[in-house]
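Everything below concerns the one structure shown next.
The values are calculated or read from the model by the stated rules, or taken from the named source; none is laboratory data. Owing to the predicted nature of the structure, the values given are computational and were not obtained by experimental measurement. Positions of Cβ are backbone-derived with ideal geometry, glycine not excepted, and every protein chain shown enters the neighbour counts. Accessible surface areas use protein heavy atoms only, side chains included; no ligands, DNA or RNA. Shrake-Rupley method; radii C 1.70, N 1.55, O 1.52, S 1.80 Å.
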Amino acid sequence: MCGIVAYIGYREACPIIIKGLKRLEYRGYDSAGVALLNGSLNVYKKKGKVTELEDFIKDKNVHSTIGIGHTRWATHGEPNDVNAHPHYSSSKGLAIIHNGIIENYASLKTDLQMRGHKFLSETDSEVFIHFIEDIQKHNQCSLEEAVRLALTKVVGAYAIVIISKENPGQLIAARKGSPLVIGIGKGEYYVASDATPIIEYTDEVVYLNDHEIAVISRSNLAIKNIEDVPMTPYIQKLDMELDSIEKSGYDHFMLKEIMEQPKSITDCMRGRVISQKAHLNLGGIQQYANKLVNAERIIIVACGTSWHAGLVAEYLFEDLARIPVEVEYASEFRYRNPVIKEGDVVIAISQSGETADTLAAIELAKSKGAIIFGVCNVVGSSIARASHEGAYLHAGPEIGVASTKAFTAQVTVLAIMATIVGHRKGNITESKYRELLVDLENIPGKVEKALQLNDKIKEIGNIFKDARNFLYLGRGYNFPVALEGALKLKEISYIHAEGYPAAEMKHGPIALIDEQMPVVFIATKDNSYEKIISNIQEVRARKGRVIAVVTEGEELITKMAEFVIEVPSTNEVLMPLISVIPLQLLSYHIAVMRGCNVDQPRNLAKSVTVE
Ligand code: AGP
Ligand code: GLU
């Protein structure tokens, strides 16, 4: 993880870097630091959030028009001032910021120590900059060449930016496995882990590719690959609005993102679902569409919330397209020697498109001949680029660490995909197909209605905010929703929560139920409605406190549950898009009431680019 920002140009670099780092804090917030050049090369760094760094540099001379900055998510060495980036080289003539992991850092370090290098931190990243300096000294070569030679020797993932006292008009950036975007201004350049620190200055960007090295001066951007072959930078226009990365009056990004779901789902369906014309299409899936339609089985790989969306997709594809689906935790799949045949279909789901485990699972499947469909939110992300084809979510930037609008957009895209395949295979009748299209179009309005329950859900949250445990139970399409509800609660409020298939409860978790235990049932009217009523009774009989998400007009459960949350009804296969909304709001309010940092929960980061 980690966020990287760098600037070279004619403006004051420090404020640009600090502002950019704040935008990237979702990627990590263990420590922050900057390195600025003004005659000397000065590094300032501090444990904690970017605001701590801001306080620390208040009275320092930070005037400079070139600098690099970093917000860290620690992998090697605890979060403290010393392990914070940037790291100096031995001579203090170079400094580096690094995102990723250098796997062979230990052997490189031993080697360098034998050659007299002294290390201050426990990080792998510091080894990198000593190594570069060592190469430059021994080969008497340019910094650019030393960086290139170092990169041919390091094993692992990196996005780096290097600043040098000897080359005061130059930044060197490189990537392999971790993202880097270069913003192009007039007489100035920006470098960042994603486009959010850049968007207010320029909309022209170059996404650096793996194994590319960029040498950036105030007037020029030169990119070469690791074999030293010059590459032509591919300049793209950014399609992002500043408003989409600001809180716009909300207390937290998470609340903003929950509330904007009617819009994000609409954006996700724009041009793809037009019921009047019986039109359903995903423009990104063309060349390999037949592979998907004729797949004998589909393997879905993802992590966290995206994995939950994958579970919903299992129900969707099996129901609508009659294709068997296996949903895999990417981290397990990649190390399990999975059976993948030439032409098998893999769907990789990832909001960030940078999750290391998912990316590695894709590479493994690809090496065995699978066709990869990526479902990503971040345009140009590594997973999007590693896939053969795919569909973007178009949900807009998701900044809160807890994923909300990405989940609903993922389910929307996957529902569209499954419907297209089911229709083309002739498993869905024409009338059911048309009905599904109308149901899809009606989802944003229904989500809007579910969001109007906010005050009521806040009251329920207030009653249960001090609970130590929660159970979330659902069946069928609502089972993945139960898992997602539990994940949302634990990650932002630090309350232990488990999601379970409601009927599985009696095989173990029922032992946990007593008069203290809140049990959230997702019990909307569907195929398993009657069955789940029995499960509610079982919890009531053991004095558990039942909170039930039900369909509007529900009567039976209203009499049994202590609290009911009534959401609009929809086609069973689309229900997760609506039933998840109250669970997002419940976790949000509980976390706020417990004084937790909702947007940046402890120990977590938005995109997990390490194993
Ligand atoms: C969700 O709230 C999480 N913070 C996390 O589980 C996330 O979904 C997971 O890390 C996968 O991320 P991705 O979608 O960017 O691949
Ligand atoms: N490995 C580096 C560190 O621990 C960078 C971490 C990262 O990018 O996640 O400081």
- request: Specify whether the C-alpha gyration tensor of the stretch 256-352 places it in the rounded, prolate or oblate class, a ≥ b ≥ c being the square roots of the eigenvalues: rounded for a/c under 1.5, otherwise prolate if a/b is larger than b/c and oblate if not.
  value: oblate
message: Using only the alpha-carbon atoms, how far is helix 105-114 inclined from the longest principal axis of the chain? Give it as 0 to 90 degrees, nearest 10.
response: 20 degrees
field: Electrostatic dipole magnitude of the stretch 284-376 [Cβ: Lys, Arg +1; Asp, Glu -1; Cα centre; debye, to 20]
entry: 240 debye
task: Give the distance, in whole Å, between the Cα centre of the stretch 525-598 and the Cα centre of the stretch 384-435.
output: 25 Å
task: Place the peptides 315-323, 268-276 in order of packing, highest mean first, counting for every residue the other Cβ atoms within 10 Å and averaging per peptide.
output: 315-323, 268-276
- request: Provide, for q = 0.11 Å⁻¹, the log10 of I(q)/I(0) from a solvent-free Debye sum over equal Cα point scatterers in the stretch 375-470.
  value: -0.53
query: Sorted by mean Cβ packing within 10 Å, highest first, what order do the peptides 478-489, 13-24 take?
result: 478-489, 13-24
field: Distance-filtered residues of the stretch 123-140 - backbone nitrogen under 11 Å, label point 7 angstrom along R115 Cα→Cβ
entry: 130-140
task: Quick one: grab the alpha carbon gyration tensor of the stretch 377-424, order the square roots of its eigenvalues as a ≥ b ≥ c, and give me rounded if a/c is under 1.5, else prolate or oblate depending on whether a/b is larger than b/c.
output: oblate
field: Crossing angle, helix 529-541 versus the chain [Cα axis fit, 0-90 degrees, rounded to tens]
entry: 80 degrees
field: Rg in Å to one decimal, and Dmax rounded to a whole Å, for the stretch 408-534 via C-alpha atoms
entry: 17.4, 51
field: Prolate/oblate/rounded label for the stretch 537-611 (Cα gyration tensor, a/c 1.5)
entry: prolate
message: If I ignore ligands, DNA and RNA and count only protein heavy atoms, how much of M240 is accessible to a 1.4 Å probe, in Å² to the nearest 10?
response: 60 Å²
- prompt: When the accessible area of the stretch 321-436 is split by element with a 1.4 Å probe, what percent falls to carbon and sulfur?
  reply: 51 percent
statement: A 1.4 Å probe over the protein heavy atoms gives the stretch 516-555 a carbon and sulfur accessible-area percentage of 39 percent
statement: Check: C-alpha center the stretch 145-200 vs C-alpha center the stretch 1-76, spacing in Å is 15 Å
- prompt: How are the C-alpha pair distances of the chain spread across 20 Å bins, as whole percents from the shortest bin up?
  reply: 20, 49, 27, 4, 0
- line: Share of accessible surface on carbon and sulfur in the stretch 1-44, whole %, 1.4 Å probe and ligands ignored, is 52 percent
field: Unit charges at the beta carbon, dipole of the chain: most positive-side option, A415, F128, S350
entry: F128
query: For the chain, with the dipole built from +1 on Lys and Arg beta-carbon atoms and -1 on Asp and Glu ones, taken about the Cα centre, which of I213, F373, N167 lies farthest toward the positive end?
result: N167
- prompt: Hey, what number do you get for the chain at 222 nm if only DSSP H runs of n ≥ 4 count, each worth -39500 (n - 2.57), divided across all residues, to the nearest 500?
  reply: -11000 deg cm²/dmol
task: Taking the Cα centre of the stretch 525-611 as origin, work out the dipole magnitude from +1 charges on Lys and Arg Cβ and -1 charges on Asp and Glu Cβ, in debye rounded to 20.
output: 480 debye
- line: In degrees rounded to 10, the 0-90 angle between helix 143-153 Cα long axis and the longest Cα principal axis of the chain is 50 degrees
message: Whole percent per 10 Å bin, from 0 to the bin with the longest distance: what is P(r) over all C-alpha pairs of the stretch 405-456?
response: 22, 44, 25, 8, 1
message: Please report the antiparallel percentage of the DSSP beta bridges confined to the chain, to the nearest 5.
response: 60 percent
- request: Find the accessible area per residue for the chain; the probe is 1.4 Å, ligands and nucleic acids are left out, and the unit is Å².
  value: 38 Å²
task: Kindly provide the Kirkwood hydrodynamic radius of the stretch 121-244 in Å, to one decimal, from all pairs of distinct alpha carbon atoms.
output: 15.1 Å
statement: Largest-first semi-axes in Å of the equivalent ellipsoid built from the Cα gyration tensor of the stretch 20-156 are 25, 18, 13
query: Where the only charges are on Cβ atoms (+1 Lys, Arg; -1 Asp, Glu), what is the dipole of the chain about its Cα centre, to the nearest 20 debye?
result: 300 debye
- prompt: Which listed residue (N83, F464, M240) has the Cα farthest towards the positive end of the charge dipole for the chain, taking +1 on Lys and Arg C-beta and -1 on Asp and Glu C-beta about the Cα centre?
  reply: N83
query: Packing-wise, with mean Cβ within 10 Å as the measure, how do 398-405, 537-544, 132-139 rank, highest first?
result: 398-405, 132-139, 537-544
